[in-house]
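> The structure follows.
The values are calculated or read from the model by the stated rules, or taken from the named source; none is laboratory data. Every value quoted in this text rests on a predicted model; they were computed, and no experiment measured them. Positions of Cβ are backbone-derived with ideal geometry, glycine not excepted, and every protein chain shown enters the neighbour counts.
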């Protein structure tokens, strides 16, 4: 099997599963319980928090554990809206956000908030000036993703942070789900107030994630209850999942240090080889893009057919983002970049992990060539 | 050319006469402990200053750690050269370019310790000033308020260049003023008292009273975590955990309720004093602040202090709670202290403890009770843990992380 759908989810590391198993078996106590078992669970929780904070150059109390990217994005956006609706009811975001951002915005729109969607250029990048122009007295939140999940393009987070710093009323949220472990991001240097990440994108487990909440920033909780996570996110903590995530992050960042150069080499190889194939158009920009994503269209092929053709040979890729794969809808990021609908409907995403090898890339390219030749015969 | 060493200027200890050797030795030991993860560094110390030779280790990380070490007045990343003028000029320019940003002004300060050097101070200033001005476009001199002060020090065997003066933590090297026992409850005040004593050179060992099942494993963990924060400053701190349940129960049974607190404190002090004696300490340190609670009125202190004539250091005695909290936040112990677990000071608190206990009365109540055997037993069963800074520690959770 050659798994090239790592932006959808990653395979949990064996060591990560071992930690999950051991914590679930031996330290299953509720961190809120007074007895020793609870104490151990609490210790594990705080050690995991410290480790994650340290790895991301944040402080422990700035890490709020959640169930994943979708929840973190919901808390960040709706929590800010609830908290500061008295200050203003205008929110700025981009046209290429993940559905958990976009749909949160739409829900707020229905509640009377005004939402500005900033367009992107043909490389999939927003312009800082456009954001600046959109800012009004009423603006309380700017939410911009870091690495786009469909094309891998990187947004100018630092510059946007510099801009927003001048407006003390505005909270800056960044969706870092695709970037973490691949493209470093300094939360404090970039003036980020809220930052989302998710465990299963870096070889942790589904159902784990966190929201970075910069010290001093207050948002309304969405879950009411027992007051866990400093009253910000009630519900018994997923201790085993959280410990597993802490370990996954450590291992991933270690791999990033050692292997990101190799990943770029593999990515460049795939890109170069795809460009040679007649009818293939690559949507991922050459500059300002993450090292693990390549998005391309094959002229005249339905993306779905191609995904299944590769699957027959044991190669797993994705049509667009996995969350929207089941609905036959063209990638909204590509459409926003000005890619024609027909082309957007035939787009394929290849996404790497540090586990992928050059041999796999070579085999992938061979299989793509084969599949195209075979299918072209059928289709013509 | 990047800086290859860090020059450390001693604080007050420059004035300490014959004890100076001891001070420098302790400072060197503490720096070594704090920088133990940087294996390649070399520390050279002389009477005037200390040099940390980086040998390729990460200077920025080392600078951050040095900021917390007591006994350092200030320090500067520096370059060493021989006394060849051309080499000196190149080094000065390289170092300067590293930190200079467009629009910044500069001046040069030369210290000519080697009085035999063929150029005098003014000549050196002029030569190097001209060299920088020639090579960096639009650079300007400002001798009153320069953005960068390039310091040149001509010594007998070498020349040192540095551009930044980073303030150190001041104070005296931990251990240079002897050892004291810190009574560490787990509250906000005692870690701050420990920190301030360390600032004046006291090496501390912490003493904690543990009363299971009235206080939980977590309150003990809290104290371990607090000790760890203090260990970050000096490299290592011992923690003595005294089993106190039996004594507290006896007090509750035998001493009138409104005096039980006074007696409890007296016994804690006696036990701490005994541990001090066994460990060659010279003082006891507490986090008392005058009038803060019933046990910290002058009357209470008078009645409690009666059990020993060992010096008791009370660094917080005149501080307001808000000042103490500010320090505890700065040294990162506030959040730990605020964890909501019962500790030895909060269990068995009488409804209305005496704020003005009489020494004679408490002596009288205690005269009916045989405490000595229990005190010896508590001291004997005291558990001593050596606490190292965080990085070295594993927590018993094995490879979970």
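> For segment B:33-58, what are the residues that are touching a residue at least 40 places away in the same chain (Cβ under 8 Å) and either surrounded by 18 or more Cβ atoms within 10 Å (Cβ to Cβ) or within 21 Å of the chain's Cα centre (by Cα) (or both)?
Matches in segment B:33-58: B:33, B:34, B:36, B:37, B:49, B:50, B:51, B:52, B:54.
> If you go through segment A:310-341, how many residues are farther than 23 Å from residue A:102 by Cα and either at pLDDT 95 or above or in contact with a strand residue (DSSP E or B) (Cβ under 9 Å, 6 or more places away or on another chain) (or both)?
6
> Here is a follow-up. List pairs: first in segment A:24-53 and under 15 Å from residue A:245 (Cβ atoms) and not assigned by TED's automatic domain parsing to the domain that holds residue A:245, second surrounded by fewer than 17 Cβ atoms within 10 Å (Cβ to Cβ) and at pLDDT 95 or above, Cβ under 9 Å, 6+ apart or cross-chain?
Listed pairs, sorted by first residue: none to list.
> For segment B:211-237, which residues satisfy the criterion of being more than 14 Å from the chain's Cα centre (by Cα), within 28 Å of residue B:62 (Cα to Cα) and more than 11 Å from every other protein chain (Cβ to nearest Cβ)?
Residue satisfying the conditions is B:223 alone.
> For residue B:88, only one of the following conditions fails: (1) surrounded by fewer than 18 Cβ atoms within 10 Å (Cβ to Cβ); (2) in contact with a helix residue (DSSP H, G or I) (Cβ under 9 Å, 6 or more places away or on another chain). What is its number?
Among (1) surrounded by fewer than 18 Cβ atoms within 10 Å (Cβ to Cβ); (2) in contact with a helix residue (DSSP H, G or I) (Cβ under 9 Å, 6 or more places away or on another chain), the lone unmet condition for residue B:88 is (1).
> Quick one: residue B:190 ticks every box in (1) over 20 Å from residue B:75 (Cα atoms); (2) touching a residue at least 40 places away in the same chain (Cβ under 8 Å); (3) surrounded by fewer than 17 Cβ atoms within 10 Å (Cβ to Cβ) except a single one, so which number is it?
(3)
> Please go through segment A:1-58 and give me each residue that is in a loop (DSSP other than H, G, I, E, B) and more than 22 Å from residue A:253 (Cα to Cα), ordered by number.
A:1, A:27, A:28, A:29, A:30, A:31, A:32, A:33, A:34, A:35
> Sort out which residues of segment B:97-128 are touching a strand residue (DSSP E or B) at 6+ places or on another chain (Cβ under 6 Å) and assigned to a helix (DSSP H, G or I), and write them in order of number.
If the condition is that a residue be touching a strand residue (DSSP E or B) at 6+ places or on another chain (Cβ under 6 Å) and assigned to a helix (DSSP H, G or I), then B:121, B:124, B:125, B:128 are the ones that fit.
> So, residue A:14, is that one away from every other protein chain (no Cβ under 14 Å) and surrounded by fewer than 20 Cβ atoms within 10 Å (Cβ to Cβ) or not?
Considered against the rule, which asks whether it is away from every other protein chain (no Cβ under 14 Å) and surrounded by fewer than 20 Cβ atoms within 10 Å (Cβ to Cβ), residue A:14 comes out as no.
> When residues of segment B:234-248 are filtered for being crowded, with 22+ Cβ neighbours inside 10 Å and either modelled with pLDDT under 90 or not in a strand (DSSP E or B) (or both), how many remain?
3
> Which ranges mark the strands (runs of 3 or more DSSP E) fully within segment B:129-197 that have 3 or more residues being over 30 Å from residue B:224 (Cβ atoms)?
Hits in segment B:129-197: B:148-154, B:159-162.
> List the strands (runs of 3 or more DSSP E) that sit entirely inside segment A:192-288 and contain at least 3 residues that are crowded, with 24+ Cβ neighbours inside 10 Å and either touching a strand residue (DSSP E or B) at 6+ places or on another chain (Cβ under 8 Å) or modelled with pLDDT under 95 (or both).
A:194-198, A:209-213
> (1) free of Cβ contacts under 8 Å to residues at least 60 places away in the same chain; (2) not in a strand (DSSP E or B): which one isn't true of residue A:174, the others all being true?
(2)
> Could you list, in sequence order, all residues of segment A:289-305 that are part of a helix (DSSP H, G or I) and touching a strand residue (DSSP E or B) at 6+ places or on another chain (Cβ under 6 Å)?
The one that is part of a helix (DSSP H, G or I) and touching a strand residue (DSSP E or B) at 6+ places or on another chain (Cβ under 6 Å): A:303.
> Here is a follow-up. How many of the residues making up segment B:249-266 are under 21 Å from residue B:301 (Cβ atoms) and either surrounded by 24 or more Cβ atoms within 10 Å (Cβ to Cβ) or in contact with a helix residue (DSSP H, G or I) (Cβ under 7 Å, 6 or more places away or on another chain) (or both)?
Residues that pass the stated criteria total 11.
> Okay, next question. Got at least one residue in segment A:55-73 being within 11 Å of chain B (Cβ to nearest Cβ), modelled with pLDDT of 95 or more and in contact with a strand residue (DSSP E or B) (Cβ under 6 Å, 6 or more places away or on another chain)?
There is no residue in segment A:55-73 that is within 11 Å of chain B (Cβ to nearest Cβ), modelled with pLDDT of 95 or more and in contact with a strand residue (DSSP E or B) (Cβ under 6 Å, 6 or more places away or on another chain).
Residue-wise test of (1) in contact with a helix residue (DSSP H, G or I) (Cβ under 7 Å, 6 or more places away or on another chain); (2) free of Cβ contacts under 8 Å to residues at least 24 places away in the same chain; (3) away from every other protein chain (no Cβ under 14 Å).
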residue: A:198; (1), (2), (3): yes, no, yes
residue: A:203; (1), (2), (3): yes, no, yes
residue: A:217; (1), (2), (3): no, no, yes
residue: A:222; (1), (2), (3): yes, no, yes
residue: A:232; (1), (2), (3): no, no, yes
residue: A:243; (1), (2), (3): yes, no, no
residue: A:249; (1), (2), (3): yes, no, no
residue: A:252; (1), (2), (3): yes, no, no
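> Something else: If you scan segment A:80-101, which residues turn out to be assigned to a loop (DSSP other than H, G, I, E, B), touching a residue at least 24 places away in the same chain (Cβ under 8 Å) and surrounded by fewer than 17 Cβ atoms within 10 Å (Cβ to Cβ)?
Within segment A:80-101, A:85, A:87, A:95 qualify.
> Is segment A:177-187 home to any residue that is more than 14 Å from every other protein chain (Cβ to nearest Cβ) and under 27 Å from residue B:338 (Cβ atoms)?
Yes: one or more hits.
> Let me ask something else about it. Within segment A:17-45, work out how many residues are within 9 Å of chain B (Cβ to nearest Cβ), in contact with a helix residue (DSSP H, G or I) (Cβ under 8 Å, 6 or more places away or on another chain) and buried (at least 18 other Cβ atoms within 10 Å of the Cβ).
Counting residues in segment A:17-45 that are within 9 Å of chain B (Cβ to nearest Cβ), in contact with a helix residue (DSSP H, G or I) (Cβ under 8 Å, 6 or more places away or on another chain) and buried (at least 18 other Cβ atoms within 10 Å of the Cβ) gives 7.
> Across segment B:117-166, which residue is surrounded by the fewest Cβ atoms within 10 Å (Cβ to Cβ) among those that are touching a residue at least 40 places away in the same chain (Cβ under 8 Å) and over 41 Å from the mean Cα position of the chain (by Cα)?
Here the residue is B:135.
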